[in-house]
Amino acid sequence: MKRHPGRLSAIPFPMGQRVSSAIGPARLEWVIHPTAAEAPIFGSARTREALRSNGYTENVKLKFTKMHGAGNDFVVLDGYTQPLDLTTAQVRALANRHFGVGADQLLLVEKPTVEGVDFRYRIFNCDGGEVEHCGNGARCFVKFVRERGLTDQRSVRVQVQKGTITLTMQDNGEVIVDMGTPVFDPELVPFATKGLQGRREGADTLWPLDVNGTTRWMSVVSMGNPHAVQVVDDAEAFPVLVEGPAIERHTRFPQRVNAGFMQIVNRNEIRLRVYERGAGETLACGTGACAAVGAGIRRGLLDSPVLVHTHGGDLTITWDIAQPGAPLLMAGPAATVFEGEIELAEEASGASPDSSQHHSSRAAPVAPSV
C-alpha cells in the first residue's frame, strides 16, 4: 500500500483480533479494502434481491468526507455526480462510532428537483431517519461543494425539505446561512395545545409541558424542524440527558422535537445545550441556536446579534425582528476533518435492509497501520 507523509492508512483485520494504535493530529486517509467480490449496492431493489437470493454479499467502496461545524460532526456524501440509494441500515452503519465512520448526521449532496437553486441538501440522523434541516450541516455543505469543485460560487441556494436556504462563504472561512424566518404557530411546529393554557411573555407564548412530573414552560418554534426551548439558570448543571429524551418524545410533539436548554448570560450572549431529535445531545445545533435566539428576542430577553456558546464552539445569530419576514442569519465555522473510503456490505441474511432488528449493513472493521 502506498503511504503518504502525515496520513494514516488502514487495512481489514479478522473479527475479534485485538488492535491498538495511537493516532496523532495528522490528516487521516482511510482505505478500506474489499474482502469479497464487489456488487452494486446502490442499484434497484430488484438487483439487490437477486444478488441476495443467489447467495452474494453486496459490497461497495464508498467515498466520504468527515466534517464538523462547531463540533457537530457529519459524514458528507456526493450524490451529485453519482446517484446514491442508501438504506436506513446503511446510514446507521456509516454513523456508528464503533463500527463505521461515526457522525451525528449524514449529509447528502444531490442535484435539485426544483428550479432556481444550485443543489439539493438532504440530512439523515444517526438513527437513519431523514430530517428537515441542520444549520451546522449547511455550513459544511457549502464548504464541501466548493472543495469538491461542484461550484466556484461563494453563495449558493440549496433545496431543503421545506423550501430553500442561502449559504455564503466568507473571506475568513466562516459561513453565513440564511436560516429563514422562524415560525411560532404551534400548529405548524407541530405542537398539540389542546387542553393547555399558554402564558404570554413579550411577543411570545410559553406553553406548559409535563416533563417527568415537573411543569416546564417552553417556547415552541419551527426552523423548518421542530424545537422546544426553555430558559434555565445553569445550562451545564441542568439534567439535559434526563429531560432531553422525555421532551424529544413527548406525545404533544407528533413529529418529536429538538429540546433546547438556554442560559442567558446577558442580552447579547447565551449558553446553549440541545438534545437533538434522533441524535441525542450534540456539541452544537445550528437550528437549535436559531430557535433559542428567536424565542429569546420575541420574549424580550435578548437583542440581536447574539453570541451563542455551545460545547463545540461559538455561533453568531442575527435577527431583525422589527422587519416583517426577516430571516435569521447564522454565522459560524465549518471544517473538513478527513476524507476516505469505507466498504459497506449487505449480508445475505434474508433480513430487510431497513429492519430495526438486524443491522444488515455494516462498515468493515479496520486496523490502522502507520
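Do we find that Gly224 is within 30 Å of Glu147 (Cβ to Cβ) and either in contact with a Leu (Cβ under 8 Å, 6 or more places away or on another chain) or acidic (Asp, Glu) (or both) in this structure? The answer is no for Gly224.
Answer yes or no: is there a residue in segment 214-234 that is among the small types (Gly, Ala, Ser), in a helix (DSSP H, G or I) and surrounded by 13 or more Cβ atoms within 10 Å (Cβ to Cβ). No: zero hits.
You will find that of Gly198, Gly224, Gly202, the residue that is farther than 17 Å from Thr310 by Cβ and at pLDDT below 95 is Gly224 and no other. If you go through segment 264-277 and keep only what is out of contact with any Phe, Trp or Tyr (no Cβ under 9 Å at 6 or more places or on another chain) and in a loop (DSSP other than H, G, I, E, B), you end up with Arg267, Asn268.
The set of residues from segment 325-340 being touching a Leu at 6+ places or on another chain (Cβ under 8 Å) and closer than 14 Å to Cys134 by Cα comprises Met330, Ala331, Gly332. Taking the listed residues Gly116, Gly102, the one that is exposed (fewer than 15 other Cβ atoms within 10 Å of the Cβ), without any contact (Cβ under 8 Å) to a residue 60 or more places away in the chain and on the phi > 0 side of the Ramachandran plot is Gly116, with no other qualifying.
Looking for something in contact (Cβ under 8 Å) with a residue 40 or more places away in the chain, of a type outside the set (Val, Ile, Thr) and in contact with a helix residue (DSSP H, G or I) (Cβ under 7 Å, 6 or more places away or on another chain) - is there at least one such residue anywhere in segment 225-247? Yes, segment 225-247 contains at least one residue that is in contact (Cβ under 8 Å) with a residue 40 or more places away in the chain, of a type outside the set (Val, Ile, Thr) and in contact with a helix residue (DSSP H, G or I) (Cβ under 7 Å, 6 or more places away or on another chain).
One residue alone among Ala348, Ala363, Ala291 is among the small types (Gly, Ala, Ser) and modelled with pLDDT of 95 or more, and that residue is Ala291. Does Phe261 satisfy being part of a loop (DSSP other than H, G, I, E, B), of a type in the set (Phe, Trp, Tyr), over 17 Å from the mean Cα position of the chain (by Cα) and crowded, with 20+ Cβ neighbours inside 10 Å? No.
The values are calculated or read from the model by the stated rules, or taken from the named source; none is laboratory data. Being a predicted model, the structure only gives us computed values, none of them experimental. FYI the Cβ positions are ideal-geometry reconstructions off the backbone, even for glycines, and counts take in every protein chain you see.
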